[in-house]
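Take a look at the structure set out below.
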C-alpha cells in the first residue's frame with residue numbers, strides 16, 4: 001500500500017512509515033500537500049494530529065476540515081528531540097526547528113536565548129543548519145544520521161514521556177464501524193448560549209467517554225469555530241449521532257483501530 005507522509009527523509013512521520021513497513025513511501029513537503037495527494041487517490045496518508053506537550057497539529061485539523069477524508073487508524077510514537085550542529089555550542093548563533101518541536105523543547109531553548117527560525121519539518125531544520133554558518137537544528141537521531149549532523153545534546157524535550165499521536169487518512173472509511181475509537185467534526189450552525197453544553201450533553205447522558213475535544217477556527221470569521229471530538233464507542237453511539245444531527249451539522253471522520261508501532 002502506498003503511504004504518503006511528511007518529508008524530506010528523516011522526519012518523525014517518515015520514521016513512523018518505515019517502522020510500519022509501508023511500501024512505497026511518498027514524501028510530501030507539507031501536511032497540506034499530503035491531504036491533497038490522498039484526496040487525489042495517490043495513496044493513504046500518515047499525519048501527526050496531536051502531541052502530549054504541544055497539543056493539536058493545526059495543519060492536520062485544517063486538512064480534516066477542508067478535505068472529505070476518513071481517519072482509518074491511529075498510532076502513538078514516543079518522540080525524542082536532540083540538538084545537532086557542525087560547530088560547538090558556544091558558536092551557535094541561530095537554531096532551526098519545526099514549530100511543534102519548538103514547543104516541545106521550549107524549556108531548553110529558553111535557556112540559550114538564541115534566535116529560532118521555524119521550518120516545515122525536523123529534516124528541513126537539518127538541511128538549513130548544514131548550509132548556514134554557526135547554526136544548529138533540533139531533530140531526531142535518524143535525521144542527524146541521514147544529514148550527517150553531530151548530536152551535541154540528547155533528549156532536550158520538555159517531557160521525557162513526549163509522545164505524538166498520528167492518524168492514517170484515506171478516501172475510504174474503515175470497514176469496521178464498531179472500532180474502539182471514533183472521530184467527529186462539529187460545525188455549529190448557530191452561536192447561542194449553551195450550545196456546547198447541549199452538544200456535550202448528548203454524550204454525557206449516554207455515558208459515552210470523550211477522549212479528546214478541541215476547537216479550531218472555522219475560517220468563516222472571528223469567533224466562529226469547529227470542534228473535533230474523539231469518543232469511545234458504546235451501544236448508544238448511533239443514537240447519540242442521530243440526536244447531534246438534530247442540533248447541528250456534523251461529519252463523521254471515521255471509526256478506527258489503534259495500530260501498535262514496532263520499536
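Contact map, the stretch 226-240: residues that are free of Cβ contacts under 8 Å to residues at least 40 places away in the same chain paired with residues that are assigned to a loop (DSSP other than H, G, I, E, B) and crowded, with 18+ Cβ neighbours inside 10 Å, Cβ distance under 9 Å, separation 6+ or inter-chain. Pairs shown: 234/208; 236/208; 240/208.
Tell me which residues, restricted to the stretch 125-156, are within 17 Å of residue 100 (Cα to Cα), buried (at least 22 other Cβ atoms within 10 Å of the Cβ) and either in contact with a helix residue (DSSP H, G or I) (Cβ under 6 Å, 6 or more places away or on another chain) or touching a residue at least 60 places away in the same chain (Cβ under 8 Å) (or both). The answer is 126, 136, 137, 138, 139, 140, 143. Do the conditions hold for residue 237, that is, is it within 23 Å of residue 172 (Cβ to Cβ), at pLDDT below 95 and surrounded by 15 or more Cβ atoms within 10 Å (Cβ to Cβ)? For residue 237, the condition - within 23 Å of residue 172 (Cβ to Cβ), at pLDDT below 95 and surrounded by 15 or more Cβ atoms within 10 Å (Cβ to Cβ) - is met. For the stretch 88-101, the count of residues that are without any contact (Cβ under 8 Å) to a residue 24 or more places away in the chain, farther than 24 Å from residue 230 by Cβ and outside any helix (DSSP H, G or I) is zero. Within the stretch 205-224, the residues that satisfy the criterion of being on the phi < 0 side of the Ramachandran plot, free of Cβ contacts under 8 Å to residues at least 12 places away in the same chain and surrounded by fewer than 13 Cβ atoms within 10 Å (Cβ to Cβ) are 205, 220, 222. Tallying residues that are in a strand (DSSP E or B) and within 16 Å of residue 59 (Cα to Cα) within the stretch 1-39 yields 4. Filtering the stretch 190-219 to residues that are under 24 Å from residue 254 (Cβ atoms) and part of a loop (DSSP other than H, G, I, E, B) leaves 205, 206, 207, 208, 209, 218, 219. Among the residues making up the stretch 164-199, those that are surrounded by 15 or more Cβ atoms within 10 Å (Cβ to Cβ), farther than 22 Å from residue 63 by Cα and touching a strand residue (DSSP E or B) at 6+ places or on another chain (Cβ under 7 Å) are 179, 199.
Just checking, does the stretch 113-124 include any residue being in a helix (DSSP H, G or I), without any contact (Cβ under 8 Å) to a residue 40 or more places away in the chain and outside the structural domain of residue 49 (by TED's automatic domain parsing)? Checked the stretch 113-124: no residue is in a helix (DSSP H, G or I), without any contact (Cβ under 8 Å) to a residue 40 or more places away in the chain and outside the structural domain of residue 49 (by TED's automatic domain parsing). Restricting 80, 32 to those that are out of contact with any strand residue (DSSP E or B) (no Cβ under 9 Å at 6 or more places or on another chain), within 22 Å of residue 109 (Cα to Cα) and either touching a residue at least 40 places away in the same chain (Cβ under 8 Å) or outside the structural domain of residue 219 (by TED's automatic domain parsing) (or both) reduces the list to 80.
The values are calculated or read from the model by the stated rules, or taken from the named source; none is laboratory data. Because the structure is a prediction, the values reported are computed rather than measured. Heads up, the Cβs are rebuilt from the backbone with ideal geometry, glycines too, and the neighbour counts pull from every protein chain shown.
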